[in-house]
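The values are calculated or read from the model by the stated rules, or taken from the named source; none is laboratory data. Because the structure is a prediction, the values reported are computed rather than measured. Note: ideal-geometry Cβ built from the backbone for every residue, glycine included; neighbour counts use all protein chains shown.
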Amino acid sequence: MIKSVYITSTEESSGKSAITLGVIHLLKQRIDRVSCIKPIGQRFRGDSEIDEDVLLIKNVFNVPHDPSLMSPVTLDKAQHLIGEGRSNELIEIVLEAYQEIEKDSEIVVIEGSDYSGSLAAFEFDLNAELSMNLSAPILLIANADGRTIEEILNNIEISKESFDEKGCDFLGVIVNKLATENFDKRAKKIRRGLKKLEIPLFGIMPMAPMLSQPRVGEIAAKIGAKVIYGRRNLKNLVSETKVAAMLTRNILGRINEGVLIVTPGDRDDVLIAAMMSRVANSYPSIAGVVLTGGIEPPKSVMKLIRGLSGFRVPVLAMPTDTFDTALKISKINTSLFSTDKRKLGLVQALMSKHVEQEALENVFEIEAPRKTTPIAFLHKLVSMAASDRKRIVMPEGDEERTLCASQRIVERGIADIILLGDEKKIQKAAIKFGVALGNIQILDPTNAPQLDEYISIYMELRKHKNITEYNARDLMMDPIYFGTMMVHKGDADGLVSGAVHTTAHTILPAFQIIKTKPGISLVSSIFFMCLPDKVLVYGDCAVNPNPGSAELADIAIASANTVAAFDFEPYVAMLSYSTGESGTGPQVERIREATAIIKKNAPDLKVEGPIQYDAAISPKTAKAKLPGSAVAGRANVFIFPDLDAGNTAYKAVQRSANAIAVGPVLQGLNKPVNDLSRGCLIEDIIYTVAITAIQAQ
């Protein structure tokens with residue numbers, strides 16, 4: 001089920017904040033627990049670091065969450081992180097806040113950034129990234145202000161294509177600020193155009209000038225003006241700002257309804273004329289006056305103004321000159337406030353009238369698999385591991401990548417690390433590679449206090465092989481054998497090795513000492529392939545060279561069960577060189593038989609086979625090759641027909657697509673032991689340790 005929606009535009013002044021407010025209003029009429037988050041705060045009052053839109057929504061709808069969760073990153077902090085190449089860290093901060101809000105929410109409405117300020121050039125990509133990582137489909141707000149029908153449709157089409165290219169799910173569009181002149185006729189053309197483009201439309205909102213008009217008090221607060229008269233009338237709406245620097249008789253001819261007059265502080269004539277126009281039936285009502293240059297009216301003028309009745313004109317004073325003051329006012333973005341009942345009521349009325357509430361609500365009834373992006377997945381691994389820290393033993397104690405990864409693992413609280421090897425060599429290597437060992441435990445198997453006990457246990461476990469004490473001692477001084485025995489005895493919770501050792505060297509001790517779970521005859525493996533925009537699972541790419549149909553079925557079911565523990569909904573593709581009934585031959589029949597066994601033994605598992613890789617992952621290809629399949633085009637677990645295909649494929653994807661390959665993660669052992677590729681990166685080790693710790697939980 002869809003649990004969130006990402007409301008964004010592709011430009012500023014689209015009315016996005018008002019629409020967000022209106023969407024929450026509509027959803028709250030039928031859904032109780034609707035929450036909101038604005039990942040990048042851009043509009044602040046005073047020294048506050050909480051976005052004004054967030055405060056508005058919290059106050060209007062009594063949202064229970066802390067404002068710091070609802071507005072987790074300021075614009076300045078976002079700019080700093082992006083500038084230092086730490087975009088992933090920015091997304092992780094937002095993810096953490098979102099997940100906290102999501103826990104007790106039925107729907108989370110996410111308001112995108114405002115396309116204003118120094119971050120504007122990066123904002124489209126940032127909004128797309130956040131939409132992906134929060135698994136929140138896009139609701140686009142299209143700005144119709146001052147545009148032809150063709151321009152409106154073109155902008156929507158281009159925006160959708162851009163979000164599609166980024167891999168975002170696209171819900172549809174709300175067109176905002178359509179001119180009221182010939183509204184019905186123009187709205188009909190837009191509906192017809194979007195239907196032709198197959199883009200869902202949820203509503204078309206008319207231009208509402210009042211929503212973009214600031215109050216005088218809002219202007220005073222944002223430019224830092226001093227109120228010298230008319231504090232009770234700061235709620236006056238400002239329709240436009242005009243600089244008054246000409247003669248009074250010429251100024252009077254340019255006064256319009258709701259105008260804010262900006263004039264030098266020594267122009268007493270302009271001030272008095274402006275005030276008089278407010279009570280004259282022959283003139284429109286001005287909103288207020290701003291006096292510049294740090295000059296305030298003399299006592300005689302102020303005495304005159306205060307002595308007159310019926311003057312509802314606030315007067316502000318600014319220390320800056322007229323040009324700078326007018327420029328500051330022009331840059332103000334209008335905000336809605338919880339105290340502005342008139343504007344809030346207008347937003348709610350317009351949304352109720354012009355947005356299809358039922359269609360919007362029905363969106364959240366759609367069955368859709370939750371997207372799992374690399375950042376979201378890896379963040380989840382770290383969070384899950386850190387929630388119940390385990391002790392992970394790493395036999396390759398003096399290896400550079402292992403040392404660097406160990407420091408970062410302990411610093412991030414992912415797990416407690418035990419390094420095996422000669423202590424002097426490990427200390428020397430740590431100094432060489434600039435690693436602070438800190439709380440990392442170091443243990444030398446050759447003189448460890450447990451050595452004799454481990455030798456006895458190993459001899460008992462392998463007595464059917466007639467193992468001598470000499471052979472057992474020799475093996476137990478091998479760090480991998482010693483580390484595996486630590487896991488078996490409960491002196492460690494899991495083992496990760498393989499940075500400089502073969503897969504066989506890592507997993508053979510596990511087969512001999514830890515052994516398989518009851519009822520499991522086959523140990524297999526998967527890789528979590530973290531591609532730029534998605535996480536896929538490949539199996540078996542490390543253990544079984546040429547599995548038969550029954551073994552392939554076991555590998556598929558075990559893989560699905562493993563990934564389900566990491567918040568994946570598995571869609572399993574049994575890969576072959578043909579799809580469906582299109583091919584024959586022993587290899588295809590083996591995959592077909594394996595698929596039949598899976599459907600019998602795990603009837604609830606979504607599986608398809610035989611199927612080619614392109615049909616499994618591409619919706620377009622799936623539509624042509626295997627229409628109607630629940631898996632084709634959306635597979636996320638790929639079972640290769642043999643080790644040759646699987647190992648080749650994972651290494652090709654890892655190196656060519658610059659993917660992080662987490663694994664191989666072994667399945668079927670009594671306690672977790674996981675292997676690394678000898679070409680692994682530091683990140684690969686960190687996340688393999690996290691997975692091992694989670695398996696140990």
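Counting only residues that are crowded, with 17+ Cβ neighbours inside 10 Å, of a type outside the set (S, T, N, Q) and without any contact (Cβ under 8 Å) to a residue 12 or more places away in the chain, give me the strands (runs of 3 or more DSSP E) lying completely in the range 193-248 with at least 1 of them.
Values: elements: 201-206, 226-229, 240-243.
The strands (runs of 3 or more DSSP E) meeting that bar number zero.
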Is there a residue in the range 158-175 that is in a loop (DSSP other than H, G, I, E, B) and of a type in the set (A, V, I, L, M)? no
Where P518 falls short, out of the listed (1) in contact with a His (Cβ under 9 Å, 6 or more places away or on another chain); (2) surrounded by fewer than 18 Cβ atoms within 10 Å (Cβ to Cβ): (1)
Looking only at the range 230-255, which residues are polar (S, T, N, Q) and modelled with pLDDT of 80 or more? N233, N236, S239, T241
Per the filter on the range 55-74, residues over 26 Å from K380 (Cα atoms) and either in a helix (DSSP H, G or I) or not assigned by TED's automatic domain parsing to the domain that holds M132 (or both) are L55, L56, I57, K58, N59, V60, F61
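From the list Q654, Q612, which one is surrounded by 16 or more Cβ atoms within 10 Å (Cβ to Cβ) and farther than 21 Å from A556 by Cβ?
On the way: Q612 fails: farther than 21 Å from A556 by Cβ.
Only one candidate qualifies: Q654.
Scan T320, T339 and give me the residue that is under 47 Å from the mean Cα position of the chain (by Cα), at pLDDT below 85, within 30 Å of E52 (Cα to Cα) and assigned to a loop (DSSP other than H, G, I, E, B). If you could, list the steps in order and put the result at the bottom.
Numbers: T320 fails: at pLDDT below 85.
Every option except T339 fails the conditions.
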Taking helices (runs of 4 or more DSSP H) that fall entirely within the range 75-152, which contain at least 1 residues that are surrounded by fewer than 23 Cβ atoms within 10 Å (Cβ to Cβ), touching a Leu at 6+ places or on another chain (Cβ under 6 Å) and in the same structural domain as S14 (by TED's automatic domain parsing)? 75-83, 87-102
So for the range 12-33 (the condition being under 21 Å from the mean Cα position of the chain (by Cα), farther than 21 Å from K177 by Cα and not assigned by TED's automatic domain parsing to the domain that holds M384), does at least one residue qualify? yes
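If the requirement is being under 24 Å from L669 (Cα atoms), in contact with a helix residue (DSSP H, G or I) (Cβ under 8 Å, 6 or more places away or on another chain) and of a type in the set (A, V, I, L, M, F, W, C), which of these qualifies: A492, A448, A436, A430? Steps first, answer last, please.
Values: A448 fails: under 24 Å from L669 (Cα atoms); A436 fails: under 24 Å from L669 (Cα atoms); A430 fails: under 24 Å from L669 (Cα atoms).
That would be A492, the only listed residue that is under 24 Å from L669 (Cα atoms), in contact with a helix residue (DSSP H, G or I) (Cβ under 8 Å, 6 or more places away or on another chain) and of a type in the set (A, V, I, L, M, F, W, C).
Do we find a residue being free of Cβ contacts under 8 Å to residues at least 60 places away in the same chain, crowded, with 23+ Cβ neighbours inside 10 Å, of a type outside the set (A, V, I, L, M) and in the same structural domain as M574 (by TED's automatic domain parsing) anywhere in the range 545-560? First the steps, then the outcome.
Applying the first criterion (free of Cβ contacts under 8 Å to residues at least 60 places away in the same chain) to the range 545-560 yields 548-551, 553-554, 557.
Those still in the list that are crowded, with 23+ Cβ neighbours inside 10 Å too: 553-554.
Still in the running and of a type outside the set (A, V, I, L, M): 554.
Adding the requirement that they be in the same structural domain as M574 (by TED's automatic domain parsing) leaves 554.
Scanning the range 545-560, I find at least one residue that is free of Cβ contacts under 8 Å to residues at least 60 places away in the same chain, crowded, with 23+ Cβ neighbours inside 10 Å, of a type outside the set (A, V, I, L, M) and in the same structural domain as M574 (by TED's automatic domain parsing), so the answer is yes.
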For I431, all conditions in the list (1) under 19 Å from M394 (Cα atoms); (2) of a type in the set (A, V, I, L, M); (3) buried (at least 17 other Cβ atoms within 10 Å of the Cβ) hold save one; what is the number of the exception? (3)
Mind checking which pairs have a first residue in the range 163-179 that is in contact (Cβ under 8 Å) with a residue 12 or more places away in the chain and a second that is buried (at least 17 other Cβ atoms within 10 Å of the Cβ) and of a type in the set (D, E, K, R), Cβ under 7 Å, 6 or more apart or different chains? F170/K160; L178/R186
Restrict the check to the range 575-586 and report whether at least one residue is closer than 20 Å to S521 by Cβ, surrounded by 18 or more Cβ atoms within 10 Å (Cβ to Cβ) and in the same structural domain as S525 (by TED's automatic domain parsing). no
Selection within the range 159-176 - of a type in the set (K, R) and modelled with pLDDT of 90 or more: K160
Would a scan of the range 415-429 turn up a residue that is closer than 18 Å to A565 by Cβ and either of a type in the set (G, A, S) or part of a helix (DSSP H, G or I) (or both)? yes
Based on this model, can you work out whether S285 counts as at pLDDT 80 or above and part of a loop (DSSP other than H, G, I, E, B)? yes
Every residue in the range 641-675 that is in contact with a helix residue (DSSP H, G or I) (Cβ under 7 Å, 6 or more places away or on another chain) and within 12 Å of F527 (Cα to Cα), please. A659, I660, A661, V662, G663, V665, L666, Q667, N674, D675
Return yes or no: is M459 modelled with pLDDT of 85 or more, of a type outside the set (G, A, S) and either buried (at least 24 other Cβ atoms within 10 Å of the Cβ) or in contact with a Ser or Thr (Cβ under 7 Å, 6 or more places away or on another chain) (or both)? no
Options A630, A661, A696: the member that is at pLDDT below 90, in contact with a Phe, Trp or Tyr (Cβ under 6 Å, 6 or more places away or on another chain) and either surrounded by 19 or more Cβ atoms within 10 Å (Cβ to Cβ) or among the hydrophobic types (A, V, I, L, M, F, W, C) (or both): A661
